[in-house]
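Each reported figure results from applying straightforward, stated rules to the coordinates on display, with no laboratory input. This one's a predicted model, so the numbers in the text were calculated from it and none came from an experiment. Note that each Cβ is placed from the backbone with ideal geometry, even for glycine, and that neighbours are counted across all protein chains shown.
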Amino acid sequence: MAAFAATAALSTLFLISVTFQHSAAAGQGGGVSDSARDFARAYPDAGIAVDSDDAGVYISIGKSRMIFSPAPYDVTPDPNSQVDQPICASLFWEYPVGAGGRNPAPGFDPGRVRHEGLMKLLYGADAESVRKNCVTVKFMGENVLFNARHGAADALARVAGRLEKLASAASPLRGYLLPTSGTFNWRTVKGSKRLSSHSFAIAIDLNVEKAPYWQWSSRNSAEVKRARENYPQAIVDAFEAEGFIWGGKWHSFDYMHFEYRPELLNGN
Ligand SMILES: [Zn+2]
């Protein structure tokens, strides 16, 4: 009897242990599915579907199914990877909205991981297709091309509206904004085989004269220190309010660069 009781107790413990591990795994997978659904909500007109199996969580657009996160959900993001990582790698670092975030830790690059396959589905698979999806947006008196899909061009037009209110003719802000340094340009990232977000016409570069870039300027130079301290927060706020991230918050800094990535500003 005692032996039976002990066995029963052990079985119960074993069951509890198995149940706990199972629910922990399911809970983690559930959390990942939630992030995939949050991602889908940032592109409400893209028709993104979320599903999962034992191997991971997936998102699909039409017949294209892409791995969002493999089980057991421990993807390490690599902004310099030459192939697409699971989509969750692009969400690994939480983008710091608002004031702050100007002294990113080494390797902290929120938004620099992009999924090229997904971007092609969202915005156009080649230069010609992207161009057809572009419209002209009036930006502080300049005409720039921007992708009309998934609200990108409308968001840039709203940023321009915000900035026009802030930057009167005499405002020192204008020197940071104008002349702009490019939007649509089907090209790879310097030193990489990967397509730049400019290829998809979802990024705008503001005045290059005020904005150092990590591949041209030393991180400890006076120029970078100036940009880190003085780049106007009002400009950053105007873009972030409309779903854009700023390259000034990357360790691999790109101060002129603002990119439409609403999934990174979800809930803000
Ligand atoms: Zn750029």
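Got a sec? Charge dipole of the range 73-159, +1 on Cβ for Lys and Arg, -1 for Asp and Glu; which of Ala127, Gly101, Leu156 is way out at the positive end? Working it through, the farthest residue towards the positive pole turns out to be Leu156. For a Förster distance of 30 Å, can you work out the FRET efficiency between the beta-carbons of Trp186 and Lys63, rounded to the nearest 0.05? Working from the Cβ atoms, E equals 0.75. For the range 202-266, chymotrypsin sites (Phe, Trp or Tyr not before Pro) meeting the loop criterion (DSSP other than H, G, I, E, B) and having at most 14 other Cβ atoms within 10 Å: Trp216.
Pairs of Cα atoms nearer than 8 Å and 6+ residues apart set the relative contact order; for the chain it is 16 percent.
Over the range 43-125, Cα pairs under 8 Å with separation of 6+ residues give a relative contact order of 21 percent. Under the convention that each Lys and Arg Cβ holds +1 and each Asp and Glu Cβ holds -1, the size of the dipole of the range 125-264 around its Cα centre is about 240 debye.
For the chain, the Cα-based Rg and Dmax, in that order, read 22.4, 92 Å.
Assuming charge only on the beta carbon of Lys and Arg (+1) and of Asp and Glu (-1), the dipole of the chain about its Cα centre is about 700 debye to the nearest 20. For the range 125-264, the relative contact order works out to 21 percent when only alpha carbon pairs closer than 8 Å and six or more residues apart are counted.
Between the residues Phe258, Ser218, Ser33, the greatest Cα displacement towards the positive end of the dipole of the chain, with unit charges on the Cβ of Lys, Arg, Asp and Glu, is found for Ser218.
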